[in-house]
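Q: Right, I'll just put the structure down here and ask away after.
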Amino acid sequence: MGSLLKDRRAVALLLAATLTVMSNAIISPGLPGIGEYFAATPNADLLTRLLITAPSLTVALIAPFAGLLVDRVGRKKMLMIGSGLFGVAGSAGLWAPSLEVLLATRLLLGMGVAMLMTAMTALVAQYFRGPERGRFMGLQMTFINFGGLVFIAVAGFLANHSSFYPFALYLVGLIYLPILYLCLDEPNSQSDTDGTHPSDAGQDGWPMVLGLGLLLMVLSFSTFYILPTQIAFYLAELGHTDPSTAALMMVCVTFAAGTIAMVYPKLRRALGRGGVLGAGFVLLATGFFALGYVEMVPLIALASLLVGMGPGLIVPTLFNSTLDAVPMRHHGVASGALTFSLFIGQFISPILSQPLIKAGGYHMAFMVFAAAALVGAILAIVVFRERRTGFACA
């Protein structure tokens, strides 16, 4: 990994990756305060929770088209446009006069995130190949989550002063622009897809592998995102109303994901593709099962650590395995589809969890999502286990 950190292109992409965690969870510590401020707005409870996942809806809608356009517009140019839009639209929460306007700016933020993630994934696919790409994606998850740890910790501090101050952190997207401009270059896509590399032609059965990978991505993030969308409200119900307590749980999540991503390459070699993916889902299930039975802050923090480890294993495995399977000429479309599935899972999470919470409380919601994660573990092991011909379904 040391050699990757000497590559200016890798460093720029790793910095850009730290923006993705900010798109949603950065405002989680101030969510109850925002809800109280706009309490007179109809359906304020649901709309306030949707502030976290609203960008995910826009990303989900735009990402497939971004995947088609990334080759025409240019990967570097799209990444820079996305970073700029991220900074402008994200920080608009500092002045939004109503909950409706704030929600609209969050949707616009999603456009920037769609451009960022699609262009970033396409650049990674062409800058790096094979084991080097796997190492980079593990390092990328480390940067995403440790960057998120810093940003969310700062957001918790800012939320103690005002629930709206965390929106200022989105201005980092504008700060990154000169770095992206100076360090990145536009790869020659024609030379990279001439069929001379084994991955250019793809693997047998790749459409089914891609489809199942997308399904597992939706399942993992619709499950995982119950924590950033509901943890502040769950803690308040237990009597832990300090915003910094909710920020602590999100710090635990990002710390766990970043830490396990650091050892991802070793776990990948030891457990295999299906094993490491299944382990990620089992960690998710275990964390949510524990959340359903604990009420003390240290134990909730421990459960949050388990939940956070899940995406640290799931995301790099799904991205790397599907990109390895898909022909190089379809990497733009595959990148957009993977981005779509990740964010549509985030968006539907509160839509799925809120009725469960109203019907049976947080315990019922946590148990249902834990069961869903176990289903994901079974699918992951069955579908993505390695065989001599590649994927199990190949």
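The values are calculated or read from the model by the stated rules, or taken from the named source; none is laboratory data. Keep in mind that this is a model prediction, so the values were computed, not measured. Please note: Cβ atoms are built from the backbone with ideal geometry, for glycine as well, and neighbour counts cover all protein chains shown. SASA here: full protein model, heavy atoms, side chains in, ligands and nucleic acids out. Shrake-Rupley method; radii C 1.70, N 1.55, O 1.52, S 1.80 Å.
Q: Can you name the residue in the range 34-60 that is out of contact with any Gly (no Cβ under 9 Å at 6 or more places or on another chain) and surrounded by 23 or more Cβ atoms within 10 Å (Cβ to Cβ) and is also farthest from Pro166 (Cα to Cα) among such residues?
A: Only one residue fits best here, namely Thr53.
Q: Ok, one more. Could you please tell me which pairs satisfy a Cβ distance under 7 Å, a separation of 6+ or placement on different chains, a first residue in the range 311-330 that is touching a residue at least 60 places away in the same chain (Cβ under 8 Å), and a second residue that is buried (at least 24 other Cβ atoms within 10 Å of the Cβ) and not in a helix (DSSP H, G or I)?
A: Matching pairs, first to second residue: Ala325/Phe391.
Q: Residues Val101, Val73: which one is at pLDDT 85 or above and either open to solvent by 40 Å² or more (accessible area, probe 1.4 Å) or in contact with an Asp or Glu (Cβ under 9 Å, 6 or more places away or on another chain) (or both)?
A: Testing whether each residue is at pLDDT 85 or above and either open to solvent by 40 Å² or more (accessible area, probe 1.4 Å) or in contact with an Asp or Glu (Cβ under 9 Å, 6 or more places away or on another chain) (or both) leaves just Val101.
Q: Identify the single condition in (1) under 24 Å from Pro316 (Cβ atoms); (2) of a type outside the set (Lys, Arg); (3) open to solvent by less than 10 Å² (accessible area, probe 1.4 Å) that Leu109 does not satisfy, given that it satisfies every other one.
A: Tallying (1) under 24 Å from Pro316 (Cβ atoms); (2) of a type outside the set (Lys, Arg); (3) open to solvent by less than 10 Å² (accessible area, probe 1.4 Å), Leu109 fails exactly one: (1).
Q: Would you pick out the residues in the range 183-196 that are in contact with a helix residue (DSSP H, G or I) (Cβ under 9 Å, 6 or more places away or on another chain), modelled with pLDDT under 85 and assigned to a helix (DSSP H, G or I)?
A: Ser189, Asp192
Q: Cβ-Cβ below 8 Å, separation at least six or inter-chain, first residue in the range 242-255 and surrounded by 24 or more Cβ atoms within 10 Å (Cβ to Cβ), second aromatic (Phe, Trp, Tyr) and part of a helix (DSSP H, G or I): which pairs?
A: Hits for this filter: Ala247/Phe157; Thr254/Phe146.
Q: Now for a separate question. Just a yes or no: is a residue in the range 80-88 open to solvent by less than 10 Å² (accessible area, probe 1.4 Å) and at pLDDT below 80?
A: Checking the range 80-88: not a single residue is open to solvent by less than 10 Å² (accessible area, probe 1.4 Å) and at pLDDT below 80.
Q: Hey, among the residues in the range 145-168 that are touching a Ser or Thr at 6+ places or on another chain (Cβ under 8 Å) and among the aliphatic types (A, V, I, L, M), which one's surrounded by the most Cβ atoms within 10 Å (Cβ to Cβ)?
A: Ile152
Q: Another question, if that's okay. Count, please, the residues in the range 121-133 that happen to be open to solvent by 10 Å² or more (accessible area, probe 1.4 Å) and either not in a helix (DSSP H, G or I) or not polar (S, T, N, Q) (or both).
A: Total meeting the criteria: 5.
Q: Turning to a different aspect of this structure: Of Ser220, Ser199, which residue is modelled with pLDDT of 80 or more, open to solvent by less than 50 Å² (accessible area, probe 1.4 Å) and either at negative phi or not in a helix (DSSP H, G or I) (or both)?
A: Ser220
Q: While we're here: More than 20 Å from the chain's Cα centre (by Cα), in a helix (DSSP H, G or I) and closer than 20 Å to Val253 by Cβ: is that true of Ile357 in this structure?
A: For Ile357, the condition - more than 20 Å from the chain's Cα centre (by Cα), in a helix (DSSP H, G or I) and closer than 20 Å to Val253 by Cβ - is met.
Q: Taking Tyr293 as meeting all but one of (1) assigned to a loop (DSSP other than H, G, I, E, B); (2) out of contact with any helix residue (DSSP H, G or I) (no Cβ under 9 Å at 6 or more places or on another chain), write down the number of the exception.
A: (2)
Q: Tell me which residues, restricted to the range 349-370, are open to solvent by less than 50 Å² (accessible area, probe 1.4 Å) and among the aliphatic types (A, V, I, L, M). Please lay out each step first, then the result.
A: First pass over the range 349-370, keeping only residues open to solvent by less than 50 Å² (accessible area, probe 1.4 Å): 349-350, 353-354, 356-357, 360-362, 365-367, 369-370.
If the condition is that a residue be open to solvent by less than 50 Å² (accessible area, probe 1.4 Å) and among the aliphatic types (A, V, I, L, M), then Leu356, Ile357, Ala365, Met367, Ala370 are the ones that fit.
Q: Would you please name the residue that is least open to solvent (accessible area, probe 1.4 Å), looking only at residues in the range 289-336 that are of a type in the set (Phe, Trp, Tyr) and over 27 Å from Arg269 (Cα atoms)?
A: Phe289
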